[in-house]
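Enquirer: Sharing a structure with you now.
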Amino acid sequence: MESDDSSKQLDRRTVLKASGLAGLAGLAGCVSTTDDGGDGGGSDGSDGGSDGGSTETDGDGGSGDGGSGPYNIGMVDALTGSLSAFGERNQRGKDLALEDVNEVGIDGRELAITVEDSESESQGGVSAAQKLVNQDGVPFLIGAVGSGVSLAIYESVVQGTDVVQLSQNSTGLSLTDFPGLLRMSPTGRTQSTALANIIAEDGYDNVALTYVNNDYGQSLADAFVDAYEGEVVYNSPHDQEQQSYSSVVSEMNSAGADAWLFITYQAEFATMVNEVYSSGYEAQFYGADSVSGDNVIENTPEGSIEGMKIVVPSAPVEEENYQQFASDFEEAYGEQPTAWSAYAYDCVVTAALSIQAADEFTGAALQETVRDVTRPEGEQVTSFEAASQILADGGGPSDVDYQGVSGPIDFDENGDPVGFLQILTVQDHDYVGTGFLES
């Protein structure tokens, strides 16, 4: 885990680049999970994949016996529930990655991914993972979205086995304490530190904070309190999926802070905004990554969140491989991707490279290769095809440094990757990128 001193220096090392790009990073979009790229979905993103699971390719499931069928791995995603907007984008990033991997192949075989629904809850995630690991026998598991869900899966299903678990979207700080649990998205500590610096630089010396009552919310809130040099005059959790948060916003207003920080999810935040707006309360809003998305824009009055600043994980949007990914995504789905889509894409490619580099298709063998195929000691490559060619020519996992569409990965000893952040500002009821943070 990084030290508190180093995390607090993030803003001092920051390079801010003005950007008019909106929606390229971190926004959890609200579109259908249908494969035809149509709009299809409701604004809350809850209708996609509600059948609870799907398999991308039929075959013998990669039993490790040298067969010719697909290598089958598992994925636990939020197809329904409060995190389904993230799950939708994950599925689209995953699908694009599967196309790219299977166009090349893994030693003449394809990759298949069996997807199970966490329902955005820990128990649902554990049940999904148990099915994938214990019944389907997958040696590699991508999952999950929520940090609490990922931790529950690891502690209840994966820990003590050889199965590789790589979370696509979890940013909770406590994942750092479990080196066996890898993640593609960066730790939320960088978000919390950046928010503390931004609020202070905007001239606010006190803040009212509310956070969703789970591992994600608690850990980011604690990290913010540690990093913020002003006074946190209100600091209270709230539960998910409540019909009203009027007591929360009333208490925040009564605390007297001019800056309010929200660490919660889109649906919960939209409810709070409507209650703030109807009550006539006024404050400068700030938010962590999961408050941003179409669900909020579509379900709140224009002007109700004007000027709000949000810090979100970002992909390196100026890099050529990200631009190609974004072009493919827009061609397939009619909209720009988010960082969450890029993380899911890179999870699939990393899994595929780990399989190709391993001596056999087992969890123990994949544990030996999953970290090495993205390390800087190898030759830098920006596509599965180029990385696969190095391995096909006799190279080992340490000869490959896959640079993902989400940026350099390079898992550290805690299973955390390198990360980028972007500042989004709400302007004319839309998200506008106004700067990048690069530690």
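The values are calculated or read from the model by the stated rules, or taken from the named source; none is laboratory data. The shown structure was predicted, so the numbers you read here are calculated from the model rather than taken from an experiment. Glycine gets a Cβ as well: all are built from the backbone with ideal geometry, and neighbour counts include every protein chain shown. Accessible surface is based on the protein model in full, side chains and every heavy atom, while ligands, DNA and RNA are left aside. Shrake-Rupley method; radii C 1.70, N 1.55, O 1.52, S 1.80 Å.
Residues checked against (1) closer than 24 Å to Ala339 by Cα; (2) at pLDDT 95 or above:
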site	(1), (2)
Asp372	yes, yes
Pro376	yes, no
Val381	yes, yes
Phe384	yes, yes
Gln389	no, yes
Asp393	no, yes
Ser398	no, yes
Val405	yes, yes
Asp410	yes, no
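Enquirer: Which members of the stretch 423-439 meet the condition of being of a type outside the set (A, V, I, L, M, F, W, C) and either surrounded by fewer than 24 Cβ atoms within 10 Å (Cβ to Cβ) or in a loop (DSSP other than H, G, I, E, B) (or both)?
Expert: Within the stretch 423-439, Thr425, Gln427, Asp428, His429, Asp430, Gly433, Thr434, Gly435, Glu438, Ser439 qualify.
Enquirer: Suppose we keep only residues that are among the small types (Gly, Ala, Ser) and assigned to a loop (DSSP other than H, G, I, E, B) within the stretch 299-337. Which one would you say is surrounded by the most Cβ atoms within 10 Å (Cβ to Cβ)? Spell out the reasoning first.
Expert: Going through the stretch 299-337, the residues among the small types (Gly, Ala, Ser) turn out to be 303-304, 307, 314-315, 326-327, 332, 334.
Adding the requirement that they be assigned to a loop (DSSP other than H, G, I, E, B) leaves 303-304, 307, 315, 334.
On the way: Gly303: 11, Ser304: 17, Gly307: 10, Ala315: 29, Gly334: 11.
Only one residue tops the list, namely Ala315.
Enquirer: Those residues that are within 21 Å of the chain's Cα centre (by Cα) and part of a loop (DSSP other than H, G, I, E, B), I need them from the stretch 124-152; list them, please.
Expert: Listed by number, the residues that qualify are Gly143, Ala144, Val145, Gly146.
Enquirer: I've got another one for you. Can you report the number of residues in the stretch 378-422 which are in contact with a helix residue (DSSP H, G or I) (Cβ under 7 Å, 6 or more places away or on another chain), surrounded by fewer than 22 Cβ atoms within 10 Å (Cβ to Cβ) and β-branched (Val, Ile, Thr)?
Expert: Residues that pass the stated criteria total 2.
Enquirer: Every residue in the stretch 81-104 that is farther than 16 Å from Tyr345 by Cβ and open to solvent by less than 10 Å² (accessible area, probe 1.4 Å), please.
Expert: Within the stretch 81-104, Leu83, Ser84, Ala85 meet the criteria.
Enquirer: Could you tell me whether Glu282 is among the acidic types (Asp, Glu) and open to solvent by 30 Å² or more (accessible area, probe 1.4 Å)?
Expert: For Glu282, the condition - among the acidic types (Asp, Glu) and open to solvent by 30 Å² or more (accessible area, probe 1.4 Å) - is met.
Enquirer: Can I ask one more? Output the residues belonging to the stretch 97-123 that are outside any strand (DSSP E or B), touching a strand residue (DSSP E or B) at 6+ places or on another chain (Cβ under 7 Å) and over 27 Å from Leu391 (Cα atoms).
Expert: The one that is outside any strand (DSSP E or B), touching a strand residue (DSSP E or B) at 6+ places or on another chain (Cβ under 7 Å) and over 27 Å from Leu391 (Cα atoms): Ser118.
Enquirer: How many residues does the stretch 45-80 contain that are at pLDDT 50 or above, under 20 Å from the mean Cα position of the chain (by Cα) and either surrounded by fewer than 24 Cβ atoms within 10 Å (Cβ to Cβ) or closer than 13 Å to Val138 by Cβ (or both)?
Expert: Keep residues of the stretch 45-80 that are at pLDDT 50 or above, which gives 66-80.
Applying the additional criterion that residues be under 20 Å from the mean Cα position of the chain (by Cα) yields 73-80.
Next, only the ones that are either surrounded by fewer than 24 Cβ atoms within 10 Å (Cβ to Cβ) or closer than 13 Å to Val138 by Cβ (or both) stay: 73-76, 80.
Number of matching residues: 5.
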